[in-house]
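The block underneath contains the structure these notes are about, expressed in C-alpha cells.
Nothing in this text is a laboratory measurement; each read-out follows from the coordinates by a stated rule. In this text the structure is predicted, and so the values were computed from the model without any measurement. Cβ sites come from the backbone with ideal geometry, for glycine too, and all protein chains shown count toward neighbours.
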C-alpha cells in the first residue's frame, strides 16, 4: 500500500491536522500569487491568517460553476484564481467554457481505482474522451499510478469496444454504466456470452448514477464487480466506494463540506445539503466550489478500516430538491422508496398548516397490504431523514406519472 493510500486509514485527529496545515498553505499561496483571491479576501476584510481551521472556510463564499464561468469571462483565462506564473502542466476545458489548470499528475482518481482492487495485471478499458476534457487523461493517469495497463478506447463505438475487450483480454472497465450496458448488448447481438467469453470482471463508474437495478444486473448476471467514484472537473476526484459499498469515502486531497445552499453553513451529518469542495493544491486556488449536487455525510466508521467520512451518494441537484422543515428531500429519495416498495407509486405533497410545513405522502398500489402505511413510515424516515405527517393510500389511477415526484404547494403570501 502506498503512503498516499495509507492516509485513508489515519486517525481523525491526524487527518484534521494535515488538512488544516495544507489549507493554510493554499491560502497563503493563493493570496500571494492570485489576484482574484486577494480581492475576495479584501472584500471581506480578511487576511490569510484568518483562515486556519476547517470551520474558518465558512468565512469565504461558496462559488458555483456559473460564477466560475462569469469570473473567467471577466478575467480570462482563469478568473484570477490560478498562479500568475502559470506553472502547471496542462489546461483542460469543459462547457461554459471553463478553463481548468491541471492540478497534479498521477494522483487524481488513483485511490478510487485501488480501492476497487485495480492494479498490476489488470488491463483496463478507459471509455472516457481524451479530447480537451479532463476525464480521459486524468482517469488514465490514475489507472497508471495504480499499476494497471490502460486501453485508451475513448468514445469509439460499441463494436470496436467489444473487439478490444476480446482481443486484448480486458479485465476492467471505466466509463459510464449506460455505455458498458450498450457494449454488453452489442456483444450479445454479435453472438457472445459476455460472462463466458470475456475476462472483464471489474467496472468503475463515474459521471453517471449507477442505478441499483443496473448494478444488480452487472454483478449477478455478468459477474462484474462494480464501484462508483465521484468528482467534478473543476476540483478532480471527491469520493469513491470501497469494497464494503456503504457510502463513498472522501478523498484525502480535498476538504468537503455539506452545506445549506441558502446560508453556506455546514449541516449536521446525515442531513442533506450541497456538496462544497476545496481542492488542496498549489496551482488553482478555487476555495469552496459548490458542485450543485445534494448529499449527506456518513460519520460512522466503515468496516473497511478507512476513517474518512463518507458521502451517502448523490441525491440530486439543488434545483430538484424541496426543503421541508429545514431538511431537503430530493426526487432520487422518492425513487429509492419506489424501489423498496415495488408496485407502489409514491408522490409527496408539501403544504403549509399554520406556521408549519405539512408533508403528505400519497401511495398508490394495485392491492395494498393492510399494514402498508405502517411498514412505509420508518423506511421513509430513514431514507428522507424527515417524518411524514400523513400517509394516504389511494386507488390505482389516482396519481399522474407526469407530475413531479415532490409537489410543493406552499404559498408564502
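Note on residue 271 and residue 3: their simple-model spin labels are 3.9 nm apart, each label 7 Å out from Cα toward Cβ.
For segment 25-82, the square roots of the Cα gyration tensor eigenvalues, ordered a ≥ b ≥ c, give a/c of at least 1.5 with a/b greater than b/c, which places it in the prolate category. The overall shape of segment 203-314 is prolate: from the C-alpha gyration tensor, with semi-axes ordered a ≥ b ≥ c, the ratio a/c is 1.5 or greater and a/b exceeds b/c. In percent, rounded to a whole number, the relative contact order of segment 322-408 is 35, using alpha-carbon pairs under 8 Å and six or more apart. Roughly how many whole Å is it from the C-alpha centroid of segment 263-285 to that of segment 220-252? After rounding, the separation between the Cα centres reads 18 Å.
Taking the centroid of alpha carbons for each part, segment 293-343 and segment 69-147 are 27 Å apart.
Remark: spin-label model distance residue 393-residue 156 equals 5.6 nm, labels positioned 7 Å along the Cα→Cβ axis. Its DSSP H runs of at least 4 residues, each contributing -39,500 (n - 2.57), put the calculated 222 nm mean residue ellipticity of the chain at -8500 deg cm²/dmol, to the nearest 500. Rounded to 0.05, the FRET efficiency of the residue 178 and residue 50 pair, given R0 = 51 Å and the Cβ-Cβ distance, is 0.65.
GNM remark for the chain: springs join alpha carbons under 10 Å apart, and the peak mean-square fluctuation among 397, 270, 254 falls on 397.
Normalised Debye scattering of segment 110-231 at q = 0.09, 0.12, 0.16, 0.17 Å⁻¹ gives log10 I(q)/I(0) of -0.20, -0.37, -0.68, -0.78, counting only Cα atoms as equal scatterers and leaving out solvent.
In the chain, the DSSP beta bridges split such that about 65 percent are antiparallel, to the nearest 5. Taking other C-beta atoms within 10 angstrom as a stand-in for reagent exposure, 265, 186 fall in the order 265, 186, fewest first.
Using the alpha-carbon positions of segment 322-408, Rg (one decimal) and Dmax (whole number) come out as 12.2, 36 Å. Extension gain, residue 10 to residue 89: 0.36 nm times the residue separation minus the Cα-Cα distance gives 25.4 nm. The Kirkwood hydrodynamic radius of the chain, based on inverse pair distances between different Cα atoms, is 23.2 Å.
Shape verdict for segment 1-147, please, from the Cα gyration tensor: rounded (a/c under 1.5), prolate (a/b greater than b/c) or oblate. Because a/c hits 1.5 or more and a/b fails to exceed b/c, segment 1-147 counts as oblate.
When each of 195, 409 is scored by the number of other beta-carbon atoms lying within 10 Å, the sequence from fewest to most is 409, 195. The ranking of 227, 240, 222 by Cβ neighbour count inside 10 Å, starting from the fewest, reads 222, 227, 240.
If you wrap the Cα atoms of segment 38-120 in a convex hull and average its projected area over all directions, you get 8.1 nm².
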